[in-house]
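Novice: One structure, as C-alpha cells, below. Some questions next.
Throughout, read-outs are computed from the coordinates displayed, never taken from laboratory work. Bear in mind the structure is a predicted one, so any value in this text is a computation, not a measurement. Because the Cβ atoms are built from the backbone with ideal geometry, glycine has one as well, and the counts that use them run over all protein chains shown.
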Amino acid sequence: MSRGDRGASGVARRRVLLAVAGLSAAACAPIGRRDPDRPFPVAEAVAPLLAPGGELRAAINFGNPILASREPGSGAPRGVSVDLARELARRLDRPLRLVTFESAGQVNEAVRRDAWDLAFLAVDPARATEIRFSAPYVMIEGAYLVRDASPIRENDQVDRAGHRVVVGRGSAYDLYLSRELRQAQLVRASTSPAVTDLMMAQGLDVAAGVRQQLLADAQRHPGTRVLPGRFMVIHQAMGIPQTRAPRAARYV
C-alpha cells in the first residue's frame, strides 16, 4: 500500500472512531454514569447477553485491510475493528478475546459454531438470517481492477458474456455480484486480498473488491488499473448472533 493510501486509511480510521464515539455518547448520555471507571448501567444489564461466556469474543476479519490488519513483527491484530471491540469490552466490563479469521466468509460460517459474540461485517440480506446488525458505522466502495490492455473502461461493461470476475469467497462482493451479474462468470479466490494475484496468475479479466486494496494491488502489479467510480457501496456494521436477545443488538 502506498504512503498516500496508508495516510488516507489513517484519516478514515480516525473519522470512523470519532463518529462512533460521538454516536455512542449521544445515545448513552441520558443514562448517566455512576463512576468514570465503571460501565454504563445499561451495559451492566446487557453484558451477560452479549458475552454469556464471561468474555467478549470479537471476530476480527483480516480479509478487509481497511478495518483490520496485523502489526508488523508481532502479527497482533490492529485497526478500527480491534479498537471498537476493545471499547465495547471496556463498556461491558468484560475481558476481550480476539478471534481472527482470514475472510468474511469464514466469519459468517463461524457464527453457526458459536465461535464469536461480536463481528464486523458488511450488511447483506444473506447474512441477516443468522446475524443481527447494528446501524452502519462506515461505508466502503467496491471497485473493479483490470489490465491496462483490457477494453473494459466503465463498471457497466463488466457484466458481459465471456468476462471472468474474481471475488473473495463469501465476501460482500461475492454475495452482491452473485445476485447482480447476469452474463459474466464469477471465479472465487480464497480471500479478498488474493483476488488480484489470482486474476494475474490465471489470466482472468476483472478483480472485484475494496477500492483501497485494489489501488494497492495496482501498485504491486504494473500494467493494471482500477476502473473509475464504484459498482457498490458496502455498509459495514457490527453484528451479533441472531440467537442473542434483541436488547443486546439495540445496545450494540
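Novice: Expressed in nm to one decimal, what extension gain is obtained for the pair Arg160 and Ala126 from 0.36 nm per residue of sequence separation less their Cα-Cα distance?
Specialist: On the way: separation 34, 0.36 × 34 = 12.24 nm, distance 2.49 nm.
Going from the current span to full extension adds 9.7 nm.
Novice: Arranged from highest to lowest average of other beta-carbon atoms within 10 Å per residue, in what order do the peptides 238-250, 95-107 appear? Could the numbers behind the result be given before it?
Specialist: Details: 238-250: 16.8, 95-107: 19.3.
The densest-packed peptide leads the list: 95-107, 238-250.
Novice: Using 0.36 nm per residue, how much length does the chain from Gln183 to Thr243 gain when fully extended, once their Cα-Cα distance is taken away? Before the final figure, lay out each step's value.
Specialist: Details: separation 60, 0.36 × 60 = 21.60 nm, distance 3.75 nm.
Gain in length upon complete extension: 17.8 nm.
Novice: How many nm is it between the label spots at Val99 and Met232, if each spot is 7 Å from the Cα in line with the beta carbon?
Specialist: 2.4
Novice: How big is Rg to Rh over the range 123-252, alpha-carbon atoms, Rh as the Kirkwood inverse-mean-distance radius?
Specialist: Details: Rg = 16.1 Å, Rh = 15.5 Å.
Using only Cα positions, Rg/Rh for the range 123-252 is 1.04.
Novice: Let me ask another. Where the Cα atoms of the range 99-182 are projected onto their three principal axes, how long is each span, largest first, in whole Å?
Specialist: Per principal axis, max minus min of the Cα coordinates gives 46, 23, 22 Å.
Novice: I've got another one for you. List, largest first, the extents of the alpha carbons of the range 119-163 along their principal axes, each in whole Å.
Specialist: 43, 22, 15
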